[in-house]
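Everything on this sheet refers to the single structure shown next.
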Amino acid sequence: MSDLIQLLPDHIANQIAAGEVIQRPASVVKELIENAIDAGADTIQLLVKDAGKTLIQISDNGKGMSKNDAIRCFERHATSKLKTADDLFALTTKGFRGEALASIAAIAHISLKTKQHDQELGTIVEIEGSKITKNEDTVCANGTTFSVKNLFYNVPARRNFLKSDTVELNHISDEFVRIALAHPSITFIFIHNEQEVYHLRASNQRKRIVDIVGMKINDKLVPIEEETEIVTINGFVGKPEYAKKTRGEQFLFVNDRFFKDTFFHHAISKAFDGLIQPKHFPSYFLYLTIDPKKIDVNVHPTKTEIKFEEDRLIYAIILSSIRQALGKYNIAPTLDFDRENSFDLPHTMRNQPIVEPVIKVDTNYNPFNTNKTSSGSSSTNFTKAIHSEGFGSNEVTPEDWQNFYQIEEEQPQPALQEIAFEQSVETEKSFINQGKYLFTPCKSGLLVVDLQRAVERIVYDEMMAEFVSSPIVSQQLLFPIEREFSKNESAIWIENKTMLERLGFQSIIENQTLQLNAVPAILQEESIQTCIDLILENISFKEIEKGDIAHFLIVSIAQAAGRKKSKTNSAQENEQLIEQLFQCSDHAYTPTGKKIVQTLTFEEIALKF
Ligand code: ADP
Ligand code: MG
């Protein structure tokens with residue numbers, strides 16, 4: 001009898017392999033972006049046409065490939081990332097199986113342009129159904145561009161199986177977002193049918209999350225930081241009141257790789273037990289860092305399921321670190337009165353009619369006097385308003401802040417409403433160091449407040465509350481301020497003029513010169529220039545949702561107020577500052593997510609001796 005077994009030709013083997021790795025356009029996006037990251041790129045652009053059915057193009061500024069590698073990369077099991085079997089247990093790269101490009105080449109038309117940084121010329125390679133149709137030198141930028149056209153052109157069953165453009169685009173967007181969240185230090189751009197979907201500048205974790213999810217989440221993020229021998233966890237969970245009816249914002253990463261894990265998901269949900277309503281899901285963005293030897297990434301072809309050697313321990317660490325963080329935060333909702341109506345302005349404001357600002361001319365106003373003379377100061381009104389609305393009582397005393405810093409990790413957390421305040425903060429013994437930090441003894445040790453940030457939070461909340469409920473008080477300048485603008489700066493100012501006017505800025509721009517006639521009364525003369533700088537910095541080159549412009553502008557005003565050099569405060573002023581701070585919507589973080597308050601416990605102080 002003759003032999004029956006034959007080896008499959010490579011192109012058929014590749015097509016079969018492709019079925020596992022490349023299920024839809026989103027899989028191509030994932031594989032190619034991961035390759036760009038492995039190549040050390042710090043800017044990656046994804047350009048997609050018709051949800052990837054016509055074109056998927058990924059350009060990076062990574063290390064590029066040599067002329068030979070530009071051909072070899074399409075061969076099956078061709079990888080530069082794994083040399084010995086041992087490497088498989090110490091992976092630091094996304095890819096290692098060497099099958100993505102071979103798979104894509106088997107089922108699409110690819111054009112590759114690549115150049116290494118030390119080379120004069122790059123290489124262009126075109127490949128169709130695993131056959132090379134072009135291989136030449138070319139002039140191109142450093143890095144690599146893969147263009148993938150006509151995906152599944154030779155696998156009609158697959159092509160027909162693709163869903164509508166909306167569905168496929170959603171899949172692409174999901175992959176893009178997962179990778180972008182895992183790599184906040186890389187700039188990512190995503191363009192679909194000539195429209196920019198995302199432009200994410202290199203930044204940090206928190207900023208990346210906010211850039212993707214939207215500014216509304218910034219105040220809702222509770223930081224998680226836990227370092228153990230087994231695993232390091234950092235990232236954020238959403239405050240319980242931010243829990244959603246859908247599972248939208250749930251992200252787990254290990255060593256910068258997104259993964260799905262029902263076991264760990266369970267740990268996170270458990271940490272929220274009793275804090276969120278039934279059928280609501282907590283948001284989380286958790287980044288685990290672990291010795292690569294202790295995980296197996298290779299269990300699934302697309303590597304979204306990962307095996308952990310010490311999964312039970314990690315479960316316990318996740319659970320306790322989230323509980324602890326939520327415990328620290330537990331107190332905040334008590335202060336978080338009326339939040340929905342007042343402080344989330346950008347989103348609740350959308351349907352409100354526009355209120356003209358009221359201009360008050362203060363005849364006593366002297367622009368050369370740095371002490372605020374404006375009669376419109378609403379800080380006392382604001383404090384009063386809070387006193388009458390918050391806590392369900394008319395009087396709030398510093399004593400109310402007691403025990404803020406005192407929740408013992410081991411104790412079971414009391415329910416939110418049960419946390420009582422006892423006397424503790426002794427503001428009369430406060431002092432300011434280097435004009436920067438306010439130190440105040442409290443029951444558990446020493447409370448340290450970053451003054452600049454505290455002022456930022458107070459002014460932000462004050463202005464936001466004023467903006468929501470009444471027209472902003474504007475202060476006419478006796479001598480208008482003039483400022484030369486660049487073309488770009490003029491454009492930014494003009495684009496946001498209406499909102500700036502609502503906030504109390506009266507201005508004229510002519511020949512790229514800004515003439516500022518009135519400013520929000522809350523802003524002191526000496527902070528105006530800084531404020532203009534901050535406005536331009538905070539809103540230029542950003543994709544800001546329309547409803548968030550007010551937020552960014554108020555942040556700028558608050559930051560300008562905070563940067564004013566602090567003088568020495570009297571005990572009473574210190575007390576007032578602390579009091580005002582703790583009445584804010586979130587006393588622990590600035591509106592842009594920077595920490596305001598730290599406690600040095602007696603134990604921590606003792607450890608220093
Ligand atoms: P893997 O990523 O598993 O190694 P791939 O098929 O995705 O396998 O890629 C094969 C090889 O091609 C990679 O190992 C790498 O050497 C090279 N390569 C792919 N994409 C790029 C890129 N954007 N920049 C530089 N080299 C790349
Ligand atoms: Mg790869």
**OP:** Inspect all residues belonging to segment 102-121 and state whether any of them is within 16 Å of ligand 2 (Cβ to nearest atom), within 24 Å of residue 15 (Cβ to Cβ), buried (at least 18 other Cβ atoms within 10 Å of the Cβ) and not hydrophobic (A, V, I, L, M, F, W, C).
**Re:** yes
Original post:
Which of the residues that make up segment 464-483 are modelled with pLDDT of 85 or more and touching a Leu at 6+ places or on another chain (Cβ under 8 Å)?
Top reply: 475, 477, 480, 481, 482, 483
Original post:
Can you find even one residue in segment 549-560 that is hydroxyl-bearing (Ser, Thr, Tyr) and part of a helix (DSSP H, G or I)?
Top reply: yes
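Each row is one residue, and each column tells you yes or no for (1) of a type in the set (Val, Ile, Thr); (2) within 16 Å of ligand 1 (Cβ to nearest atom).
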site	(1), (2)
14	no, yes
17	no, yes
45	no, yes
51	no, no
54	yes, no
61	no, yes
64	no, yes
67	no, yes
Subject >> The one condition in (1) modelled with pLDDT of 90 or more; (2) surrounded by fewer than 16 Cβ atoms within 10 Å (Cβ to Cβ); (3) among the polar types (S, T, N, Q) that residue 187 fails to fulfil >> reply: (2)
**OP:** Scan 144, 93 and give me the residue that is assigned by TED's automatic domain parsing to the domain that holds residue 71, part of a strand (DSSP E or B) and within 13 Å of ligand 1 (Cβ to nearest atom).
**Re:** 144
Original post:
So which residues in segment 465-493 are touching a Gly at 6+ places or on another chain (Cβ under 8 Å) and β-branched (Val, Ile, Thr)?
Top reply: 472, 473
Subject >> Residues of segment 15-30 classified as of a type in the set (D, E, K, R) and buried (at least 24 other Cβ atoms within 10 Å of the Cβ), total >> reply: 1
Original post:
When both residues are 6+ apart or on different chains and their Cβ atoms are under 6 Å apart, which pairs have a first residue that lies in segment 583-606 and is under 19 Å from residue 238 (Cβ atoms), and a second that is part of a helix (DSSP H, G or I) and polar (S, T, N, Q)?
Top reply: 593/218
Original post:
For residues in segment 54-84 being part of a loop (DSSP other than H, G, I, E, B) and among the basic types (Lys, Arg), which is nearest to the chain's Cα centre (by Cα)?
Top reply: 63
**OP:** Working only within segment 35-62, note down all residues that are of a type outside the set (A, V, I, L, M), surrounded by fewer than 22 Cβ atoms within 10 Å (Cβ to Cβ) and within 14 Å of ligand 2 (Cβ to nearest atom).
**Re:** 38, 40
Original post:
Can you tell me which of 134, 81 is of a type outside the set (S, T, N, Q) and loosely packed, with under 15 Cβ neighbours inside 10 Å?
Top reply: 134
Subject >> Residues that are near ligand 1 (Cβ under 9 Å from one of its atoms) and of a type in the set (Lys, Arg), drawn from segment 97-113 >> reply: 97
**OP:** Give the residues of segment 482-516 that are part of a helix (DSSP H, G or I) and either over 29 Å from residue 470 (Cβ atoms) or small (Gly, Ala, Ser) (or both), sorted by residue number.
**Re:** 487, 488, 489, 490, 491
**OP:** Just give me the residues in segment 77-94 being more than 15 Å from ligand 2 (Cβ to nearest atom) and either of a type in the set (Val, Ile, Thr) or touching a helix residue (DSSP H, G or I) at 6+ places or on another chain (Cβ under 9 Å) (or both), in sequence order.
**Re:** 84, 89, 90
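The values are calculated or read from the model by the stated rules, or taken from the named source; none is laboratory data. Nothing here was measured: the structure is a model prediction, and the numbers come from that model. A quick note on method: Cβ atoms are made from the backbone with ideal geometry, for glycine too, and the neighbour counts reach across all protein chains shown.
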